[in-house]
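Below is one structure, written out as structure tokens; comments come after it.
The values are calculated or read from the model by the stated rules, or taken from the named source; none is laboratory data. All figures in this text were calculated on a predicted structure; none of them were measured in a lab. We place every Cβ from the backbone using ideal geometry, glycine too, and count neighbours over all the protein chains shown. With ligands, DNA and RNA removed, areas are computed over all heavy atoms of the protein, side chains included. Shrake-Rupley method; radii C 1.70, N 1.55, O 1.52, S 1.80 Å.
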Amino acid sequence: MSKGAAPLAVRDLCFAYRKGAEELFGGLSVDFTPGTVTALTGPSGCGKSTLLYILGLMLTPTAGEVLVEGARVDNLPDAERSWIRGSRLGFIFQDAALDPTRSIVDSVIEPALYAGAWRRDMLAPARALLEELGVGERVDHKPGQISGGQAQRVAIARALLTSPPVILADEPTGNLDASNTTVVLDALHHAARRGHLVVIATHDPAVLERSDAVVEL
Amino acid sequence: MRWRELLSEAWRSARSALVATVMVAIVVSAMCATTGLTVGRAIAAQSQIEARLEEAGSRSLTVTDARGGGFLTSSIIDQINAFSIVERAVGVTAAFDSVNTAIGLGGTGVPTWFVVGDMADAITLTWGRWPEPGEALASAEAVQALGLEVPVGSVVQATHHPGPGIPIVGSFTAREPLTHLNAGVVGRAPQGTVAHRVDVLADSSSNAVLLTSATVHLLNRADPQDLSIDAPTSLAQIETEVLGDLADFNQGLVVLVLVAGAVLVSVVTFADTLVRRSELGRRRALGAQRWAVVSLLVIRSAIGGLVGVALGTVIASAVNVMAGVHPDPAFTVATGVMALAVTVVASCIPATVAAHQDPVQVLRTP
Ligand SMILES: Nc1ncnc2c1ncn2[C@@H]1O[C@H](COP(=O)(O)OP(=O)(O)OP(=O)(O)O)[C@@H](O)[C@H]1O
Ligand SMILES: [Mg+2]
């Protein structure tokens, strides 16, 4: 790890879902800057979600590299990539992807468990975070008992709980109205102000307008 | 992921995936119950047969000196006793009637024998002391017939009256297979007495055949008519063969039940991972490692398996007790442990397959 290297970067990135399929990104190189919100944008099907999955170490590039703090990580074994995913990355999906069987507060704690934390140590921070995001009185409800906007805020809390350096969000506002969009964006920008590196795949003008950097795919 | 968190996660997951858990429990309980009700019973029956076989009757051999050849000497009896497959061998003279010396010929006659060899091999002393050569013990039945108050006194051979008496110095009960001695008086044979018959007990029923031929060989009579041999060897042989068949059948059945159970548990677990693809994809996307997903699924099945083992064992035991059968507890425990092991192994395969699914594809398909 070289000092001062970006927490997350891609070099000469290419990706195809299978041999002979359309090649995406065409040798893309980006350094993502901590403390900023970067928007990935482009027409539907250009590979915004795909890039996020590559940054999330769930897909492996066909060519090029993914660097975390200057170290190459895309070629690590699955166990180590899972570990990085659980401990250094927070992922926010378009639909909140909450577990319908666990309570809101337990949903928020879930990735922390995979990263090796104890549930009882995480309860208080999870409640505080939910409070901060305005869903504090819903902590003991199930995901089926809250609105879509609230669910997305819970998903953000889940991504933020272990305070990972990198937060990846795939169309986090895709299903939300204007006021919920504002709440979600406020939360993500607030995280960026505290030093997190936030990457949002989006085609929502409201998101693009407020982001610090835009990557056109 | 910490093991304790993994366990509580598996427990919550087993409760939320109730259908799969219950199905695994039903399959495993069926496995345990079938095994307990069929093989457990067969084994109980088998050990009963075995116990009956090992009773003295089926491993005892009686050699009789048919023509009074006088060859059943104490030295021959010692030699038979020296065979490693012999538990004990004891000779007795032919029975004669004797009466209480004090009453004389008017008294009731009791059968009387002399033992050639170690008396302790034929009888158990219950009162008084072991007799010297020429002295005797009387059974409880004989004491009564002779009109004695305690087993002390003297008897005389009815045909020799009023000749020399045989002192009675105590009482006895006969040991298997010489229970016929319980009817009378048993004396220690004077030096040089030869036996009329020898009762030999093999160490196991399966050795009865071997023992018969070894004994015949040792006695080495030129004329086979000299000997009369009474041995239930053919019975023992048939029963041993039947037991062998039974054991083979039991093993086959256990294997069949376990394999069928394994297949069913596999199928149920596999179907469950298909139904819950999005759950597993989410876990992987949020950083769960493969081993954690595999362990989660296997522990979840094992929880169902544990419930099933408990249920199946209770059912089988209840039915068996009502039917008056008492299978070996060790067998019941072994069945439970085996059923649980089968559950774990059988769910490992679908769990590993599920953990290798691509989380991205799963996340993309709502
Ligand atoms: N599993 C797959 N196999 C083959 N091609 C795929 C697969 N998944 C996605 N694609 C293709 O890859 C391309 C990029 O898809 P991706 O979902 O990254 O686009 P996107 O930019 O996120 O689009 P949208 O804005 O509609 O969400 C698309 O053309 C899509 O059809
Ligand atoms: Mg997309």
Residue span B:Val333 to B:Ile229: 0.36 nm per residue of separation minus Cα-Cα distance leaves a gain in nm of 32.9 nm
Other residues with Cβ under 12 Å from the Cβ of B:Asp272 give, with Lys and Arg +1 and Asp and Glu -1, a net charge of +2
Taking a crude spin-label model, label points 7 Å out from Cα along the C-beta direction, the B:His217 to A:Glu216 distance in nm is 10.5
For region A:21-26, in residue order, the Karplus 3J(HN,Hα) values (coefficients 6.51, -1.76, 1.60; θ = phi - 60°; whole Hz; Gly and Pro = x) are 6, 3, 7, 9, 6, x
Computed for A with B: buried accessible area summed over both chains, 1.4 Å probe, rounded to 100 Å², at 2400
Cα-based Rg and Dmax for the protein assembly as shown, in Å, come out at 44.0, 138
In degrees rounded to 10, the 0-90 angle between helix A:148-160 Cα long axis and the longest Cα principal axis of chain A is 70
With label points set 7 Å from each Cα along the Cα-to-Cβ direction at B:Gln191 and B:Ser47, the distance between them in nm comes to 5.1
Between the Cα axis of helix A:119-132 and the main Cα principal axis of chain A, the angle (0 to 90°, nearest 10) is 90
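Please tell me the relative contact order of region B:37-149 in percent, rounded to the nearest whole number, where contacts are Cα pairs under 8 Å and at least six residues apart.
Dividing the mean separation by the residue count of region B:37-149 yields 19 percent.
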Note to self: C-alpha centroids of region B:205-234 and region A:68-92 sit apart, in Å, by 83
The set of residues whose placed amide H lies less than 5 Å from the amide H of B:Gly147, leaving out same-chain residues fewer than 5 positions away, is none
Expected unfolding gain across B:Ser84-B:Glu176 under the 0.36 nm per residue rule, minus the alpha-carbon gap, is 31.2 nm
With the 8 Å Cα cutoff and a minimum separation of six or more residues, region A:8-216 has a relative contact order in percent of 30
Taking R0 as 41 Å and r as the Cβ-Cβ distance between A:Asp186 and A:Lys19, the FRET efficiency 1/(1 + (r/R0)^6), rounded to the nearest 0.05, comes to 0.40
Going residue by residue through region A:52-60, the Karplus relation 6.51 cos²θ - 1.76 cosθ + 1.60 with θ = phi - 60° gives ³J(HN,Hα) values, rounded to whole Hz and with x marking Gly or Pro, of 4, 5, 5, 4, x, 6, 9, 10, 9
Rounded to the nearest 10, the angle in degrees between the Cα long axis of helix A:78-88 and the longest principal axis of the Cα atoms of chain A comes to 50
Out of B:Gln144, B:Ile123, B:Ser60 - ranked by how far each Cα lies towards the positive end of the dipole of region B:60-232, with unit charges on the beta-carbon of charged residues - the top one is B:Gln144
Note to self: C-alpha centroids of region A:16-40 and region B:1-62 sit apart, in Å, by 57
Amide H contacts under 5 Å for B:Gly153, restricted to residues at least 5 apart in sequence or on another chain and with H modeled in the peptide plane, are B:Ile168
Computed for region A:8-216: size of charge dipole around the Cα centre, +1 on C-beta of each Lys and Arg, -1 on C-beta of each Asp and Glu, debye to nearest 20, value 460
Here the whole-number average of other chain Cβ atoms within 10 Å per Cβ of B:285-298 is 6
In region B:11-51, the residues losing 10 Å² or more of accessible area (1.4 Å probe, heavy atoms of protein chains only) relative to their chain alone are B:Arg12, B:Ser16
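Label region A:76-217 by shape, choosing from rounded, prolate and oblate, from the square roots a ≥ b ≥ c of the eigenvalues of the Cα gyration tensor; if a/c is under 1.5 it is rounded, and otherwise prolate applies when a/b is larger than b/c, oblate when it is not.
oblate
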Of all DSSP beta bridges with both partners in region A:61-217, the antiparallel percent, nearest 5, is 20
Computed, not fitted: 222 nm per-residue ellipticity of the protein assembly as shown from DSSP H runs ≥ 4 (each -39500 (n - 2.57)), nearest 500, equal to -15500 deg cm²/dmol
One finds the C-alpha centres of region B:98-144 and region A:132-205 to be spaced, in Å, by 104
Simple SL model, points at 7 angstrom along Cα→Cβ for B:Ala94 and B:Glu141; separation in nm is 2.2
Residues of region A:137-158 with backbone N under 19 Å of the label point set 7 Å from the Cα of A:Ser179 along Cα→Cβ are A:137-138, A:146-154
In whole percent, the fraction of accessible protein surface over the protein assembly as shown that belongs to carbon or sulfur atoms, probe radius 1.4 Å, stands at 59
Output row, site B:Val267, 7 Å Cα→C-beta label point, backbone N cut-off 18 Å, window region B:4-34, residues B:19-32, B:34
Treating only Lys and Arg (+1) and Asp and Glu (-1) as charged, each at its beta carbon, one finds that the protein assembly as shown has a dipole about its Cα centre, in Debye to the nearest 20, of 2080
Residue-normalised value, i.e. accessible area per residue, for region A:8-216 at 1.4 Å probe, in Å², stands at 39
Residues meeting the amide H criterion for A:Phe91 (H placed from the backbone, H to H distance under 5 Å, 5 or more places apart or on another chain) are A:Leu168
